[in-house]
Every structure is written in C-alpha cells, then in structure tokens.
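Engineer: Got a structure for you, questions after.
The numbers here are math on the coordinates, done by the rules we state, and not lab data. Bear in mind the structure is a predicted one, so any value in this text is a computation, not a measurement. As a convention, Cβ positions derive from the backbone with ideal geometry for all residues, glycine included, and neighbour counts pool all protein chains shown.
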Amino acid sequence: MLVYHSGALGDFVTALPALELLSRSGPLELWTRPSHSTLAGGAGMPITACYDVGSPGIPAVTARRAFVFAAVASTLPTTLRAGGMAVHAHSARPGDGSLHVVDFHAAAAAKAVQTVYSPGAAPHLSPRPQWRPHRSPPTVAADGGNVARWVVAPGSGSAAKNWPLERFLAVADALAASGAAVAWLLGPAEEERGVTEALPAGATVWRRLLITEVAALLATSAGYLGNDSGTSHLAAALGVPTVAVFGATDPAVWAPRGPAVAVVGAPTIEGVAIDAVVDACRQLLDGVG
C-alpha cells in the first residue's frame, strides 16, 4: 500500500499508529518528507520504498492501493484513482475535535484494512544506532557532554503556541537548582528570534541537528519540556517523560501520547503558571523513578 503524508513532524508522529495498522495488510511504500521516512524506520513496520513528497509529479510506485492523508479539497485522490489505483482518502487533521488525533487517524486506517482498533494507542519510536550524531551537539559553551537530564524546547510551529521564554528560563532554573542538567533544543525559528542570546551564559544549546539526531539525543534524556509542538510528540513517542504546555489548543485532541506525559494547560498560553509546570516536571520524574 502507498501511504501519502505531507504534514509536519507532529502530524506524522500522531499518524504512526495508523501506519502500523495499514502495514498489517502488507508492506508500505511511504510518500512523505524524507526526514519522516527515516523516522518511520524506528517504528518497526515493513517499508519497501520511500518517495519525497517535495519532488514534482507522482512517483512510479508498485502499490495498487493508497491511503492518502490530505485536505478535503486535495485533487490527489482523484488523480491516483484515474491512474487505476484504489484510494482511501482521509482528512489530514480531525475536524470537529470529537476524537484525539491519534484515534482519528487510527480508526480510519483500521476501517481501510478491515481490522479492529481500540482507542488509546500511542505512537512508539525506537532510535536506530545510525541516528546518533557523529559529533557532539553544537553548544554555546561546551560542557564536556551531550546528554542532559532535561531537554527544554521553547519553540513550536506557531508563535501563538509558545509559552513565554522567561517562564521556560524560570523552570530551567528550578530544575538546575534541584540538581538537573538542562539542554536547550532550538530550531531555526528560535534562532531567528534571538533565543540563543537570551539564554544564560554557558547554557548547553542543541541546534542545527537532523531530526534523527534530535530523536537519538532525546531518547538518552530523562525529561523533556516543550510547547504544543512536533518535538513534544516526538519526545513522548520515544518514551521520554514529557511535560507539554498548552494554551488555546485542546489537549483532548492534540496532547502528546506516550508512557509518561503530563499536560499543563490554561485557556491561554499566558495563563499557564510557572509553579504548575515546575511541579509537573518534578512529579513526572518522580513517577517514573
């Protein structure tokens, strides 16, 4: 079966249980972002071919069936059907918010391959040895190591989802005061808005890393703190104790799923208190030993 998915990191991670269900009917050919194809290798499902969703045209696939994650207005399902393929078209994002995004995708996949799905599954990824960085992560000031007890990621795909940086700094101070090491995980957007310069002198900063390198480093960390973001979904899927800060988005639909996840939310992102996040970090870490 050909699976088409062009979404961002969090969208892809939340679709992993659906892909696992689809793979029960046979190996998959993935038509997605190259970095996501590589991540899928850590999900333990049979994949025979991968195609870059950014390349022009339709790839020469061997599959005669397709499961397409796409917007309702997308013409791709019609195009694939015109080529003789049996296509199951599925909305890339849940509409009415009645289901968690993982269950929304997995229920549709189960229907497509005529199998049973019980709500509540969580994405799962196991890092592969080749994902490890071949060098120590870039740092503002080298600290002699590349493994931190807590990883703090203050960014997301939307500025409206970002908890204020000064509050992340306050939580990081509290974690450091309790004896934890902290590493800051930054993407290009955070570097552009000057987050690096706002961090304390000597802070450990991870930046300009491949997503597989991020996954390998997260998997060696004992805790993660972030916003409603793809990286938060990734950390949870890797089994890292994850604290996610939520504002206007609904955690009942979008919260990360994993073996150890705590969501701290409020009607607005500014309404999330520092003390509540610090308590969640400590309690979650205590809860997993």
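Engineer: In percent, what relative contact order does the chain have, based on Cα pairs under 8 Å that are 6 or more apart in sequence? Numbers along the way, then the final one.
Structural biologist: Working: 572 pairs, mean separation 51.4, N = 289.
Here the relative contact order equals 18 percent.
Engineer: Determine the calculated [θ] at 222 nm for the chain from helices alone, applying -39500 (n - 2.57) to every DSSP H run no shorter than 4 residues and normalising by the residue count; nearest 500 deg cm²/dmol. Before the final figure, lay out the partial values.
Structural biologist: On the way: 12 runs with 97 residues, N = 289.
The helix contribution divided over the chain gives -9000 deg cm²/dmol.
Engineer: Let me ask something additional. What list of ³J(HN,Hα) couplings, whole Hz, do you get for segment 256-267 from phi and the Karplus terms 6.51, -1.76, 1.60, once you set θ to phi - 60° and write x for glycine and proline?
Structural biologist: x, 10, x, x, 8, 10, 10, 10, 10, x, 7, x
Engineer: Please list 3J(HN,Hα) in residue order for segment 88-96, calculated via the Karplus relation 6.51 cos²θ - 1.76 cosθ + 1.60 where θ = phi - 60°; whole Hz, with x for glycine and proline.
Structural biologist: 9, 8, 9, 4, 5, 9, x, x, 8
Engineer: Rank-order 31-37, 95-101 by packing density, defined as the average count of other C-beta atoms within 10 Å over each peptide's residues, highest first. All intermediate terms of the calculation are to be shown ahead of the outcome.
Structural biologist: Details: 31-37: 19.7, 95-101: 14.0.
Ranking the peptides 31-37, 95-101 by packing returns 31-37, 95-101.
Engineer: Taking the Cα centroid of segment 40-113 and of segment 21-37, what is the distance between the two, rounded to the nearest whole Å?
Structural biologist: Taking the Cα centre of each part, segment 40-113 and segment 21-37 sit 9 Å apart.
Engineer: Once you sort the root eigenvalues of the Cα gyration tensor of segment 232-285 as a ≥ b ≥ c, which label holds: rounded (a/c under 1.5), prolate (a/b larger than b/c) or oblate (the other case)?
Structural biologist: On the way: a/c = 2.72, a/b = 1.25, b/c = 2.18.
Because a/c hits 1.5 or more and a/b fails to exceed b/c, segment 232-285 counts as oblate.
Engineer: Using only the Cα atoms of segment 140-287, what semi-axes does the equivalent ellipsoid have when each is the square root of 5 times a gyration tensor eigenvalue? Give whole Å, largest first. Display every interim value, and only then the final one.
Structural biologist: Values: eigenvalues 84, 56, 50 Å².
Semi-axis lengths for segment 140-287 are 20, 17, 16 Å.
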